[in-house]
Each structure stands twice: as structure tokens, then as C-alpha cells.
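Read-outs: derived from the displayed coordinates by stated rules, not from any lab. If you're wondering where the values come from, they're calculated on a predicted model, not measured in any experiment. Don't worry about glycine lacking a Cβ; one is built from the backbone with ideal geometry, like all the others, and counts go over all protein chains shown.
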Amino acid sequence: MQGERYSPRIQEHPILSFERGRKIKFFFDGREIEAYEGETITAALYAAGIRQLTESLKYRRPRGFFCAIGKCSSCLAQVDGVSNVKTCVTLVKEGMDVRSQKRKFSLLGSLVSAALKRGLFPSVGGHYKKLVGGPLVWPLARRAIKAMAGFGEFPEPNPTLGKFLPSETWEGDLVVIGGGPAGISAALYGAKLGLKVALVDENSRLGGQLVKQTHRFFGSKEYYAGTRGFEIGRILEKEAASYSNITVLLDTTVFGFYPGNILGAVQKIDFCKEKMVKLRAKRMVFATGAYERTLIFENNDLPGVMGAGGVQTLMNVQGIRPGKNGLIIGAGNVGLILAYQLLQAGVRVEAVIEAMPGVGGYFVHAAKIRRAGVPILTSHTILKALGKGSVEGAVVAKLDDKWNPLPGSEKELECDFICVAVGLHPSFELPYQAGCQLKYVPELGGMVPVHDQWMETSVPGIYIAGDTSGIEEASTAILGGRIAGLSAGLSLVKDREAEKLRSEFVKALEEFRDNPLSAKIREGKKKAQPR
Amino acid sequence: MLEKAEVVVIGGGVVGLSVAYNLVKRGVGKVSVLERRYLGSGASTRNCCGIRSQFGAEENIRLARESKKIFQGLTAELGFNILHIKGGCMMLASTPEEAEILERNVRLQNRLGVNTRLLNPGELRARFPYLNPDKIRAASFDPTDSKAHHDAVVMAYSEACRRLGVELNTYTEVKGFKVEGKAIRAVKTSRGEVKCSRVVNAAGVWSRQVARMAGVNLPNRPLRAEGMVTEPFHYFLDPTIVHLNGPLELTQTLRGELVGGLADGEDFSLNLNSSLSFAENFCKRAVEIFPRLKFANLMRQWAGYFDVTPDGSPVLGPAEEVENFFQANGFSGHGFTLAPVVGRLLAEVIAKGKATPSLEPFYPSRFREGKLIVENTAPVDRLSWASTLPEASSSAPSR
């Protein structure tokens, strides 16, 4: 692998196989780009060496994607005349006209940008108090602000686009939002109790983040131990398909919770071909997962600085190498597993940087990458990313026992991409909209809905599972999902067996967390209990 | 909190703040503002920022014309940039009835010195190519209409108030009044009592409830409306677009977001939940008028309310039942436009103690006398309750 000429598309992989569709061509800012059907626009551009997709609003800094799953908005581009398209979740098509959303040139706008960069204008909110005097100040400033406002042109798209189908309504007993391990499990166990279930996910396949995991899981056999992550995803997906009382709605984004237990959703049928779906159910399980955190350091927005999950998506789902030589920030399980996955894909890992004095993830994972020769630098942090337009290196430094960088310990590392693996925070928007009480629990990753052992929130009939209830892992997400699905079902139908089963799952969860590494989770779960 | 104030203003929205600011500027003495939540928490910051004088009643046009003049110099007057943009306002009509209203209004406006023009289809297409000509029967445009950032206007007035010594009490709810004879002597609040010689009721949708506590009957009713914004686009839409049916309103902010709203027309509750039916109706209607909007994403939505009166025009001036109790409410969706001029005129009336001709037609007594100022651009026009509403009785309910 090491000797072979660098090609961004992975041809051979020890575990995964990538079936690429027909070879096609599309355009980026007028330049012809080669791609394969089934690739996202972002992935195809990345493979062609294009990392910058947009620029920041105020300082016009280059921006590339961070998350690759449609959350971060740094991959927005104009596609066939439609502005603000999330290119990381939009499939490329033959002849597509993709344009980066750079602002029209305006002398005034450029002058203001330059002035802002030099700190010549008052910062946030300053325009209210500074731009008041004189008859010329506001008219001039107003023109400058107009020249700088917004992302992308107001759409003037291809007239053949924009087919919106009549809206549909789905009504049933249980709607589960999120088709990851937690959500599928909740749907399955709700369905086992005979409920009419809808399982909704914004991606084009079920499995959530399992689709990009190549490692074998631990734990006991009953909970898929020894099976690789993406395979667990497929098993769950198949099982969900075997229930006639589960309706799976893919490519469907829920955008809001409305009074009367109604969810508004949009189902994407094709590019710019959408349908509104109204979901009304007696019970709801929110298994909406989590967002990747980022880290504050100089140039952390440089294209090539990506979330660990974003890198996994690019590499393990799209089959495209993120670069030749990567730097990983964070030696928790995600960072360690990612390092190994990069090696599997034939990518060199310069180092894994960890601010804590020890490795945060499982020892086995750390040992595996150490054996492969990847240094893990503990008590280290990244100070800045280097490069113009894209990552070309990084400066790291050692930390003292008060977390301050030690002067003189700075060193430059070579790398052409940086993976930020510093944890996740729960995606709590839907439960928040639904009126669920939230609590800040750092042990669980941030704001979480308060929930009891049956996974019910403070709003009766609304349950949560998976990372939404606290950042943990797929095995516990599966158990939590089963409990949530059973609880939702048991509130509608009586079933002794199911009650027993649910208690068993609660016990299994406790056993799973009964180890020193889960102490934090146990603490967090206690805090998230209702009073 | 003050124990005694010359004037107590109930309501810390744009109208109340404007009244308070103009009162202290005239030197009437201590002014205290009571706000049940935070400043601008009601309709003041839930609207679509439009400022226009394209109305259908002479009295409203006159008021709005003056208000527009004040808005023009408000940044300089208050020392706070209200982000004023003179982009004009376009009123649209789809049905023959709506078109007739527009044409009639334009004639009236022109007679009063407002230079509104009816646009012919060619002009409409040339100047506003994004609008769907098939859905528009008539359009009127006044280039001197404008928009300003509603938060900035509230902040500008409140900072000016603070500077001039107005006491701004937030999270202070009015619980009742001490009324002796035909005058209020004190206002009872959740934080104690304030003695005062005059009271202004600028409580927006709560005005009717507040008035009732003083034994004053107002015909106002809350009408729910909702608003939304899209993702930000490069700036292209200077004018505010108002479709008479609803009314439905749409414009662009200086951040580039398209902001729009629509009155529900049927919901008179005070609930502030966003509804899916608004999202659906607004999108459908807006896309009809503005077809390219279908490629924009709705990012956020919120609800607000209009304080509507049977004739769609504000209630301004002293109450009949209680003489030192001045009303500044019932704006029926036009409070943002009218706040500057109403503040100025009402302060004049309160300070001088006598009526001003431009304000007199708006006195609450007009409902009893049947001298309505029928405003055909207000949402109230289509409300069935307006015609069936019992006349405001002069007998005070029990306290």
C-alpha cells in the first residue's frame, strides 16, 4: 500500500468494498470534474483535490466541509442555480453545474472586509452606536452591508427544477426519529408489541453512524459483540424491513415539533424534488444522535480540518481518502478507532494528540495503533493549523499540569488534513421544541433531556434513546432504544412478558456500564434523572 | 421602583417607549414604564419591520405620513442606528375586489400628498421580475415607504428613555388600579404600587384586559399572526411586499434573510406556539406570488399577535370613563409604523391637557358614537366579529 501512487479513491480495502456507479462528469465553477454515480458532490470534489467550497461571510476566509453529514453548513454551494445546497448530502449527477458561493465583487464590500480584518470597525453590534452621525455615514455603510450580506444568490434556477409533490400525512402509534442503532431498536421493540410504527431518517439508508464503523464490537454476543459496526447496521436494517408494521421513511428530515403531537418533515425524492410529510403519533421516540464538537485553535476553519465523523464518512462510506498524512486531535475511542481506520485505508497518521495525561479510549484500540507505529502524544494540544487555502501542517505544543502550553515546546508537524475527535454533544432540538425539560450534564456531553430509567422525558409520551440521552456508544444505544420502544408500547398495551424483558434490558445496561471507564456515564445518568 | 410618578406607561413595546420618550422630552416630570416581560417582547419585535403610509383611511394616512418623516431622522434623533432602509413598499392585489381597494386607496393617498403609484403590468415585470404576474391584478408602489430593524428601534427608544431618566421596569405586571371618581390615583403592580397623575395604556394585546381593570371597556381583540425567516441570500429585495389578502408581508433583512408573515385570520387566542399550518399556508401563498421562493429554505418561524379593533384603526386618547387614562393601543398591525408619531402626539395631548386635531378622530369614544375609521388594509376587514360586536358599554364592570 505504502509504495503505490497516491490516488484519492480507495480501490482496495481489507474490510470494505466500494461499488462505484457509472463514471460521469460535472462542473465546478466552470471546470469539468470526473465523478462516479453514487458519490456526493463534496466527496467528488474532494477526490478532485477541491477542498474549499465557500467563504466566510465577514472575513472571506476559505471554508470546506467539517461534518459531511449535513449539519455544519460549511459545504453550501450553488447547484444548478439553487443556492445553499448542502453538497455533502447531495448526490452528484451527470452535467451538474456546481458553483462556489463567493460574493459578487464589490469595491465597497472588499474595503469593509479588509477594514474589518484589521479591526478598524467596532465589532459585534457596533454599527448601532457608531454609524449614526453625518448624512453620508449610513447611506455608505448601508451599501457596504448590502454588498456583504447573505450566502449565495437568491435562486434563479433551471426552470425544470423544483417539483414539489402534494403533502402526505402519516398517522400511527409510534414515530421514531433517527434510524441509527437506538432508533431502529426502538422501532423494532415498539413493533414487536404490535404498534403501528414510522421510522424516520434524513439519510438514504438506515444505520446512522454505524455505516462507517469497520471495527468489531465488544461486550456480549447478544448485543452483536464480534460483529463489525457497518454489519450491525445492516442486520438491524434488515430486521426493520421484516416488520410489516414499520414504515421506514428515508431521506426525510423532521424540521419541527408542533402542538398536537405533530411533526413536520420533508422527504427528498430527488434533487429539488420534495414532499412534505406530516407525522402524527400517540408516542414519540427521539433518537436524533449527536453533533461533533470542534476545538478552538488558530485556523480551525481551514479546509482540511474536519470532524472525525466527517473523515469516516468521506473514507468509509464514500471511499475517498481524506489525504496522505493526517493528524488526529483527541485520543478517545473515536480518535483511536479513526487512526486505525485511516491505516486500513492506506493513509499515514502523523500522530494522535491528546490533551489529557493519558489515553481516554480503550486500551486495545490504543495498543493497536501504537503497534502500527503511530505516536500518541499525551499532554499535547494543537496551537494552529498551517496552510494557505488548505491544511499543510500544524503546530502542536506540550501542556503543563494547568493545561497551559509550555513555552518552547512548540513543534511543527507535517500533515495535509486534521481530524478533530474531541467528542460529541447531544442533538436536543426536537425534545427541546416538544417542551422536554433539559439539563446540562457535562458527563453526558452537554444539554440532555431529563429522562427516567424507562427513557421517558418530562413530557409524557415522549421518549429518547441513543446519543440524544447522553453520548455513549452503539451497544448502549441499542439497549436504550429497546427500552424506549418497549416503554412507548407498554404505555399503550399491557404485556407482562414485555415488562419483564424491559427490566432485563435495564439490568443489561447497568452491567454494561459496570466498569471504571463508564464511571462518568453512571454519574451523568444519575444527574439526568427527574427529581 | 418609584413610589410616585407623573405618568405611568403600561407596556414596554415600541409604542409605550415612544410615548415615554416623548413625554420626558417635553418635560412632564417622572415617567415610569411597566412591562410584564422584557422590552419589546410583544408585537414590537415579532413584526416584519415594514413602515408605510399606504392606508385606506384618511386619518391613518395622515398619521403614517408624519411617522415616516420622523423615522427618516430617528437615528440622528435617538443617537442609535435603527438600520433604516428607504426601499419603498409594494401593495399587491389578486382579486377584483382587492384591486378596487388598491385603486381607491391610491387616489386617496395622492390627494393627501402621498406619491403612491399604480404600476402597470409592464412596469411590474421590469422592476420586480421575481413576482408572478399571473397572480397579480394590481400593484401600488410608494418609494418613500421604508423598513427599519424592529429590535433596533426598540433598543433606540429604550436607550434614549434611560438617558433621559425614564424608569423602565421589566417583569412588572399590572394587577389593578386605584380609581377615585373618574381618575386613576395609583397603579398596583406585581412589585408594588405607583402613585401617579396620568396613565397610558400601551399594553398591546393585553390593553383590553388592562383597561378592564380600570373599568374601561375597549373593543380590541388579539389576532394571531405568524412569521418566518429563510436562510440569508445576497441582498436583492429593497421593498417590503404586502399582499392585501391576509395581509401577507415579505421583505429582506440586512443579513440577507427573507422575512415574512401572515395573519391567521381566525385565531383570537394569545398562544405563541408556531403552527405547521402557518408554515404550509405561508409557503404556498408566498410561492404563488414569488415563485422562486420555492428554492429557499424556511429556517425559523414564530408567532405574534395583532391588537385589532373593529375598524382596523388604533385607539388613541383619553378614555371616556376614566379621564386621566390615555389609550395607545388597538393598532391592528400598524403599531410599528405609527409608534413615532403616536408617541409625539400623545405626549403633546398629555402635556398640554387638550386635544390635538389629528388625534381626536382616534379617541375611544368613536366606537360608542359610531364614527369608525374603517381601514381596509388591516386584517380586521375580513373578520366577521367586527360587524357583530356589541357597542362598547359605558357602564364599568365590577372591580
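Quick notes on this one:
- Computed lengthening from residue B:277 to residue B:70, 0.36 nm per intervening residue step minus Cα-Cα distance: 70.8 nm
- Principal axis dimensions, largest first and in whole angstrom, of segment A:297-424 by Cα: 40, 37, 27
- Residue B:304 sits among other residues whose Cβ lies under 9 Å from its own Cβ, and their net charge, with Lys and Arg +1 and Asp and Glu -1, is +1.
- Shielding value for A:130-142 is 3, the average number of Cβ atoms from other chains within 10 Å of each residue's Cβ.
- Of the peptides A:282-291, A:414-423, the order by per-residue mean of other Cβ atoms within 10 Å, starting with the highest, comes out as A:282-291, A:414-423.
- A straight line joining the Cα centroids of segment B:339-374 and segment B:159-226 runs 18 Å.
- Peptide packing for A:208-218, B:14-24, A:60-70 was compared via the average number of neighbouring C-beta atoms within 10 Å per residue; ordered from the highest value, the list is B:14-24, A:60-70, A:208-218.
- Rounded Å value of the spacing that divides the Cα centres of segment A:151-168 and segment A:403-452: 35 Å
- Relative contact order of chain A, defined on C-alpha pairs under 8 angstrom at six or more residues apart (%): 14 percent
- Whichever aspartates and glutamates have a C-alpha closer than 19 Å to that of residue B:178, once near sequence neighbours (fewer than 8 apart) are set aside: B:3, B:6, B:35, B:193, B:320, B:321, B:323
- Along segment B:314-321 the Karplus relation, 6.51 cos²θ - 1.76 cosθ + 1.60 evaluated at θ = phi - 60°, assigns HN-Hα couplings of x, 9, 10, x, x, 6, 6, 6 Hz to successive residues, with x for each Gly and Pro.
- Cα centroids of segment B:278-333 and segment A:45-93: 38 Å apart.
- Ellipticity estimate at 222 nm from DSSP helix runs (n ≥ 4, -39,500 (n - 2.57)) divided over chain A, nearest 500: -7500 deg cm²/dmol
- Given A:129/B:86; A:192/A:268; A:238/A:278, the pairs whose alpha carbons are separated by over 31 Å: none
- Spacing of the two label points (7 Å from each Cα toward its C-beta) at residue B:182 and residue A:459, in nm: 5.2 nm
- Segment A:23-100: relative contact order in percent, alpha carbon pairs under 8 Å with at least 6 residues between: 38 percent
- Listed residue pairs exceeding 31 Å between alpha carbons, taken from B:30/B:68; A:439/A:507; A:324/A:525; A:93/A:212: A:324/A:525
- Each Lys and Arg adds +1 at its Cβ and each Asp and Glu adds -1 at its Cβ; summed about the Cα centre, chain A shows a dipole of about 1120 debye.
- The mean count of C-beta atoms from other chains within 10 Å of the C-beta of residues in B:292-299, rounded to a whole number, is 6.
- Between the exposed loop cleavage positions of chain B, defined as GluC sites (Glu not before Pro) in a non-H, G, I, E, B DSSP state with at most 12 neighbouring beta-carbon atoms within 10 angstrom, the longest gap is B:4-265.
- Residue-span extension gain [residue A:293 to residue A:527] - 0.36 nm each, minus C-alpha spacing: 82.1 nm
- In chain B, helical runs assigned H by DSSP with n ≥ 4 each contribute -39500 (n - 2.57); averaged across all residues and rounded to the nearest 500, the mean residue ellipticity at 222 nm is -9000 deg cm²/dmol.
- Summarised as an ellipsoid, chain A has semi-axes of 37, 30, 25 Å, derived from the eigenvalues of the Cα gyration tensor scaled by 5 and square-rooted, with the largest first.
- Counting only aspartates and glutamates at least 8 places from residue A:23 when in the same chain, those with an alpha carbon closer than 19 Å to its own are A:12, A:32, A:34, A:37, A:39, A:94, A:97.
- Look at the Cα gyration tensor of chain B: its axes a ≥ b ≥ c give a/c of at least 1.5 with a/b over b/c, and that counts as prolate.
- In straight-distance terms, cross-link reach from residue A:221 covers every one of the aspartates and glutamates whose alpha-carbon lies under 20 Å from its own, apart from those fewer than eight places away in the same chain; here that gives A:231, A:237, A:239, A:472, A:473, A:504, A:510, A:511, A:514.
- Partner chain coverage, peptide B:249-262 - average Cβ within 10 angstrom: 2
- Treating r as the C-beta distance of residue A:273 and residue B:25 and R0 as 41 Å, the FRET efficiency rounds to 0.10.
- On the beta carbon distance between residue B:126 and residue A:136, with R0 = 41 Å, the FRET formula returns roughly 0.85.
- Distances between placed amide hydrogens fall under 5 Å for residue B:137 paired with B:93, B:94, all partners being 5 or more residues away or on another chain.
- Shape class for segment A:107-148, computed from the alpha carbon gyration tensor (a ≥ b ≥ c): oblate, with a/c not under 1.5 and a/b at or below b/c.
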